[in-house]
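As structure tokens, the structure follows; a few thoughts come after it.
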Amino acid sequence: MFKIQTLNKIDPEGLKLFPLSNYEIASEIPNADAVILRSFKMHDMELPSSLKAIARAGAGVNNIPIEKCTEKGVVVFNTPGANANGVKELVIAGMLLASRDIVESVTWAKTLIGKGDEVPALIEQGKKNFAGQEIKGKTLAVIGLGAIGVLVANAASALRMNVVGYDPYMSVKHALKLSREVTWMEGVQPLLAQADYVTINIPLTPETKGYINKEKFRMMKDGVRILNFARGGLVDTESLREAIASGKVARYITDFPDEEMLKMDNVISIPHLGASTKESETNCAIMAVEQVQDFLENGNIKNS
Ligand code: MLT
């Protein structure tokens, strides 16, 4: 009997793949063989000596103590690509939010409740404050060519944006095999210098912490709009605050707000919803469960 501990709610479509004749699944279970989680932070958790595998139903693994797992021989799986479409769709939505004052105008419209017959006239007056810009013809810089970056690049291209791309860890030659819709660049400077929008789609690691910093902001055009649906720590908060205050950044849309972000002007804070769709949750759960099962039963390791 294998024991599986779920540290977050995992989609039942995935969990039901474990045959109950061989598996016991619970959120609290002693001597687990494997853990499946989503965003639970495991860093302070004691790893039971029985533990053989951890599977993250998601792409990022920064909530898992990788070094400790390596020392103890615990295999860590993730589910790259399984939620990429969900995240891509929210990045595109974020780009539109950043262009059309949707959040501000909807909030303003609610203030008209109680104005009765005056509402249409007040709308005609007030809408002048919310003129936006179209994304067609604008330049989107995609930083990071993982599953999400490539999908975002292709979708933006279909919306008639000029898409330029760069990956700190991938050659242009390799990148061209992933998408031909994009003008790939060797360096980040020429990419940022021409971008109207920047989307960051790289993992958060000790090397990429604060990747978007003062130096990178200096490379950007005034009035740039930045989308961060990857991890909050990729953007240095102090540098961002200065860049917003100076008008360098017109809008920052983040799927990882902290209290500082919630307080800042010109920041649109989304509460980590990129992968929160039924489809993404199901895909991630299925991929995580299949990997754990294949490992525990056959010793196979994929996506570790
Ligand atoms: C990811 O790393 O893929 C996302 O953070 C997944 C999630 O929202 O759980």
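The values are calculated or read from the model by the stated rules, or taken from the named source; none is laboratory data. None of these values were measured; they are calculated from a predicted model. All Cβ positions, even for glycine, are placed from backbone atoms using ideal geometry, and neighbour counts span all protein chains on display.
When residues of segment 50-74 are filtered for being away from the ligand (no atom under 16 Å from the Cβ), in contact (Cβ under 8 Å) with a residue 24 or more places away in the chain and among the small types (Gly, Ala, Ser), how many remain?
2
List pairs: first residue in segment 266-285 and farther than 15 Å from residue 97 by Cα and modelled with pLDDT under 95, second residue of a type in the set (Val, Ile, Thr) and outside any loop (DSSP other than H, G, I, E, B) anywhere in the structure, Cβ distance under 6 angstrom, at least six positions apart or on different chains.
Listed pairs, sorted by first residue: none to list.
Within segment 242-271, track down each residue that is within 26 Å of residue 40 (Cα to Cα) and surrounded by fewer than 16 Cβ atoms within 10 Å (Cβ to Cβ). Let's see the steps before the verdict.
Narrowing segment 242-271 to residues within 26 Å of residue 40 (Cα to Cα): 252-263, 267-271.
258, 259, 260, 262, 263, 271, listed by residue number.
Got a sec? Which of 37, 15 is in contact (Cβ under 8 Å) with a residue 60 or more places away in the chain and either surrounded by 22 or more Cβ atoms within 10 Å (Cβ to Cβ) or not aromatic (Phe, Trp, Tyr) (or both)? Even if it seems obvious, please write down each step before you answer.
On the way: 37 fails: in contact (Cβ under 8 Å) with a residue 60 or more places away in the chain.
One residue alone meets the criteria, 15.
Every residue in segment 272-304 that is crowded, with 16+ Cβ neighbours inside 10 Å, more than 17 Å from residue 91 (Cβ to Cβ) and out of contact with any strand residue (DSSP E or B) (no Cβ under 9 Å at 6 or more places or on another chain), please.
281, 282, 283, 286, 290
Report, by residue number, each residue of segment 24-48 that is in a strand (DSSP E or B) and touching a helix residue (DSSP H, G or I) at 6+ places or on another chain (Cβ under 8 Å). Before the answer, list the steps.
As a first pass, look at segment 24-48 and keep what is in a strand (DSSP E or B): 24-26, 34-37.
Result: 25, 34, 36.
To keep it simple, each residue is scored yes or no on (1) within 13 Å of the ligand (Cβ to nearest atom); (2) of a type in the set (Lys, Arg).
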residue	(1), (2)
230	yes, no
266	no, no
272	yes, no
276	yes, no
284	yes, no
302	no, yes
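What number of residues in segment 180-222 are closer than 23 Å to residue 271 by Cβ and either part of a loop (DSSP other than H, G, I, E, B) or not assigned by TED's automatic domain parsing to the domain that holds residue 168 (or both)? Before the answer, list the steps.
Step one: of segment 180-222, the residues closer than 23 Å to residue 271 by Cβ are 197-204, 208-212.
The next check asks that each one be either part of a loop (DSSP other than H, G, I, E, B) or not assigned by TED's automatic domain parsing to the domain that holds residue 168 (or both); those that pass are 201-204, 208-211.
The number of residues fulfilling the criteria is 8.
Looking at the structure I just gave you, is residue 242 touching a residue at least 24 places away in the same chain (Cβ under 8 Å), charged (D, E, K, R) and closer than 30 Å to residue 75 by Cβ? Even if it seems obvious, please write down each step before you answer.
Working: touching a residue at least 24 places away in the same chain (Cβ under 8 Å): yes; charged (D, E, K, R): yes; closer than 30 Å to residue 75 by Cβ: no.
Spelling it out, it is not the case that residue 242 is touching a residue at least 24 places away in the same chain (Cβ under 8 Å), charged (D, E, K, R) and closer than 30 Å to residue 75 by Cβ.
Any residue at all in segment 192-200 that is of a type in the set (Val, Ile, Thr) and either within 16 Å of the ligand (Cβ to nearest atom) or on the phi > 0 side of the Ramachandran plot (or both)? Steps first, answer last, please.
The initial filter retains those residues of segment 192-200 that are of a type in the set (Val, Ile, Thr), namely 198-200.
Now narrow it down to the ones that are either within 16 Å of the ligand (Cβ to nearest atom) or on the phi > 0 side of the Ramachandran plot (or both): 199-200.
Looking through segment 192-200, at least one residue is of a type in the set (Val, Ile, Thr) and either within 16 Å of the ligand (Cβ to nearest atom) or on the phi > 0 side of the Ramachandran plot (or both).
Can you name every residue in segment 236-295 that is acidic (Asp, Glu) and either within 30 Å of residue 22 (Cα to Cα) or not assigned by TED's automatic domain parsing to the domain that holds residue 223 (or both)? Give the derivation first.
Quick first cut of segment 236-295, residues acidic (Asp, Glu) only: 236, 238, 242, 255, 258-260, 265, 279, 281, 290, 294.
Of everything in segment 236-295, those that are acidic (Asp, Glu) and either within 30 Å of residue 22 (Cα to Cα) or not assigned by TED's automatic domain parsing to the domain that holds residue 223 (or both) turn out to be 279, 281, 290, 294.
What are the residues in segment 18-32 that are more than 17 Å from residue 48 (Cβ to Cβ) and loosely packed, with under 14 Cβ neighbours inside 10 Å, if any?
Start the filter on segment 18-32 by keeping residues that are more than 17 Å from residue 48 (Cβ to Cβ), which leaves 18-22.
Result: 19, 20, 21, 22.
Among the residues of segment 49-70, which ones are small (Gly, Ala, Ser), crowded, with 19+ Cβ neighbours inside 10 Å and either more than 23 Å from the chain's Cα centre (by Cα) or assigned to a loop (DSSP other than H, G, I, E, B) (or both)?
Filtering segment 49-70 for residues small (Gly, Ala, Ser) gives 49-50, 53, 55, 57-60.
Right, trim to crowded, with 19+ Cβ neighbours inside 10 Å and you get 53, 55, 57-59.
Matches in segment 49-70: 53, 57, 58, 59.
Check every one of the helices (runs of 4 or more DSSP H) wholly within segment 223-304 and list those with 2 or more residues that are under 23 Å from residue 55 (Cβ atoms) and over 16 Å from the mean Cα position of the chain (by Cα). Break it down stepwise before answering.
Working: elements: 237-245, 259-263, 278-298.
Helices (runs of 4 or more DSSP H) meeting the threshold: 278-298.
Please determine whether any residue of segment 163-170 is within 23 Å of the chain's Cα centre (by Cα), surrounded by fewer than 16 Cβ atoms within 10 Å (Cβ to Cβ) and either outside the structural domain of residue 223 (by TED's automatic domain parsing) or within 20 Å of residue 216 (Cβ to Cβ) (or both).
Looking only at segment 163-170, we keep the residues that are within 23 Å of the chain's Cα centre (by Cα), and these are 163-170.
Retained after the next criterion (residues that are surrounded by fewer than 16 Cβ atoms within 10 Å (Cβ to Cβ)): 168-169.
After this cut, where a residue has to be either outside the structural domain of residue 223 (by TED's automatic domain parsing) or within 20 Å of residue 216 (Cβ to Cβ) (or both) as well, the list is 168-169.
Taking every residue of segment 163-170 in turn, at least one turns out to be within 23 Å of the chain's Cα centre (by Cα), surrounded by fewer than 16 Cβ atoms within 10 Å (Cβ to Cβ) and either outside the structural domain of residue 223 (by TED's automatic domain parsing) or within 20 Å of residue 216 (Cβ to Cβ) (or both).
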